[in-house]
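Please read the structure below before turning to the comments.
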Amino acid sequence: VQLQASGGGLVQAGGSLRLSCVASGSILRIGVMGWYRQAPGKQRELCATISGTGSTNYADSVKGRFTISRDNAKNAVYLQMNSLKPEDTAVYYCQAYVGLRLDTVVWGKGTQVTVSS
């Protein structure tokens, strides 16, 4: 299973971006999907996750500004990012739990988001 993320770019503070991530390959099952980010010199951190039934979880730093959603028919997960701040600048990675027992973690290659002040 591969994850392909897209939608990153350069945006001014206060702007919006929408990230997309599509899973492909031999997909038996997809469980929780999520978005993480890693800023230069920092550890990768959670942004948001969404279960197969639509339950969501957000980091405090993005709560109220970011919205995660998924389309199970398309094996896709999205991250709508509004009111972006310079501190949101990072490489954003999508992640998914896959496999018959949903015990295999797969990561996408990441997409760069840069927010200028």
Checked the range 61-96 for anything surrounded by fewer than 21 Cβ atoms within 10 Å (Cβ to Cβ) and part of a loop (DSSP other than H, G, I, E, B); matches are 61, 63, 64, 65, 75, 82, 83, 85, 89
Residue 53: passes all of (1) of a type in the set (Val, Ile, Thr); (2) in contact (Cβ under 8 Å) with a residue 12 or more places away in the chain; (3) more than 25 Å from residue 12 (Cα to Cα) but (2)
When every residue in the range 51-60 that is loosely packed, with under 12 Cβ neighbours inside 10 Å and of a type in the set (Ser, Thr, Tyr) is compared, the one modelled with the highest pLDDT is 55
For the range 97-117, the count of residues that are within 19 Å of residue 11 (Cα to Cα), surrounded by fewer than 15 Cβ atoms within 10 Å (Cβ to Cβ) and under 13 Å from the mean Cα position of the chain (by Cα) equals 1
Selection over the range 40-50 where residues are among the aliphatic types (A, V, I, L, M) and in contact (Cβ under 8 Å) with a residue 24 or more places away in the chain yields a count of 2
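The values are calculated or read from the model by the stated rules, or taken from the named source; none is laboratory data. Note that this is a predicted model, so its numbers are computed, not measured. A quick note on method: Cβ atoms are made from the backbone with ideal geometry, for glycine too, and the neighbour counts reach across all protein chains shown.
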